[in-house]
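Structure first, commentary second.
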Amino acid sequence: MLSNLNILITNDDGLGARGLLELVSVMRPYGHLTIVAPKRPQSGMSVAVSLGATLMSYKKVLEEEGASWSYLDATPASCVKYALDKIFPDRRCDVVISGINHGTNTATATNYSGTLGAAEEAAINGIPAIGVSLCEFGDDPDFSKVKEYFPAIFERIMSNLPERKGISYNINFPPSGVQIKGVRVCHQGKGFWIEELEPWNGAMPLEGVEEGEKMFVMRGRFIDDTPEDDRLADHHAVQDGYVSIAPQTFIRTDFEEVDRLNGFMNSDF
């Protein structure tokens, strides 16, 4: 079994999130854990960072054998930046793991995810990174399947890392009530949301709302834009009862479109 690793752990649900606590319990046998998590929930922040004159408060809350716990009042990607800048003097750790997210991060949700934004920040710095999510939306998620299956997945990934840097791994688990059929290497599915903004009908008044302002919450309905027979799309694999692993890179260039544009853009105007 892998051991003696320097592991940075973060999430987008905040330092007190149950998913983070469960992930820490899973990772303890593998080495020293440095936990730097957002002070408050930061879902949907993608790879956003706190720039310029934005002040960020940091606090170490616990030092124990094998693990140090702290928070940064900033985005998940900023937590990774802080750890690499201030805690790891050579800007290196063996792996960054973000999660366990309460809710799936497949298909287009990948683009918005703060969980995966933290993993992407690690990949930008050449560090292997894994984002872990569970397709559970109830108030009391059951992380037992993640705890059962993730160690073997983690060990296999870390024992077979590529020479090429800049890769992160987006891992999604089916709901706890679904019998897991296995693990599938997948690609990101396609889709989009409609009817996203719903009027806020909360009974309690909200502080700081000015007269005449209308309040909305974001929910929406997902439109699946992936062919139905493509069962290697990550969200389809999870629907089918598989743990999906979608490798990702932070390079966003569409090389197919580069070739197409070169067919008519490089001529004289």
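The values are calculated or read from the model by the stated rules, or taken from the named source; none is laboratory data. The model shown is predicted, which means the values in this text are computed figures rather than measured ones. Please note: Cβ atoms are built from the backbone with ideal geometry, for glycine as well, and neighbour counts cover all protein chains shown.
Structure notes:
- All of (1) over 24 Å from Leu15 (Cα atoms); (2) in contact with a Pro (Cβ under 7 Å, 6 or more places away or on another chain); (3) among the charged types (D, E, K, R) hold for Glu136 with one exception: (1).
- From the options Lys181, Lys165, Lys214, residue that is charged (D, E, K, R), under 30 Å from Arg92 (Cβ atoms) and out of contact with any Asp or Glu (no Cβ under 6 Å at 6 or more places or on another chain): Lys165
- Residue within the range 55-70 that is within 18 Å of the chain's Cα centre (by Cα), at pLDDT 95 or above and of a type in the set (A, V, I, L, M) present: no
- Entry remark, the range 1-53: residues being without any contact (Cβ under 8 Å) to a residue 24 or more places away in the chain, in a loop (DSSP other than H, G, I, E, B) and among the aliphatic types (A, V, I, L, M) number 2 in total.
Here is a yes/no grid of residues against (1) in a strand (DSSP E or B); (2) within 16 Å of Ile245 (Cα to Cα):
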residue	(1), (2)
Asn111	no, yes
Pro151	no, yes
Glu155	no, yes
Lys165	no, no
Ile171	yes, yes
Glu198	yes, no
Val209	no, no
Gly212	no, no
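- Test result for Asp12, surrounded by 15 or more Cβ atoms within 10 Å (Cβ to Cβ), closer than 16 Å to Glu120 by Cβ and acidic (Asp, Glu): yes
- Test set (1) within 16 Å of Val26 (Cβ to Cβ); (2) surrounded by fewer than 16 Cβ atoms within 10 Å (Cβ to Cβ); (3) of a type outside the set (Ser, Thr, Tyr) - Asp85 fails condition number: (1)
- Here Gly177 does not fit the description of being at positive phi and in a loop (DSSP other than H, G, I, E, B).
- Selection within the range 219-254 - assigned to a strand (DSSP E or B) and either surrounded by 14 or more Cβ atoms within 10 Å (Cβ to Cβ) or touching a residue at least 60 places away in the same chain (Cβ under 8 Å) (or both): Phe222, Asp224, Ala233, Tyr242, Val243, Ser244, Ile245, Ala246, Pro247, Gln248, Thr249
- Applying the condition of being assigned to a helix (DSSP H, G or I) and acidic (Asp, Glu) to the range 113-149 and asking which residue is surrounded by the fewest Cβ atoms within 10 Å (Cβ to Cβ) yields Glu148.
- The set of residues in the range 174-218 being exposed (fewer than 10 other Cβ atoms within 10 Å of the Cβ), of a type in the set (S, T, N, Q) and in the same structural domain as Asp240 (by TED's automatic domain parsing) consists of Gln179 alone.
- Scanning the range 128-137 finds one or more residues that are out of contact with any Cys (no Cβ under 9 Å at 6 or more places or on another chain), under 21 Å from Met45 (Cα atoms) and at pLDDT below 95.
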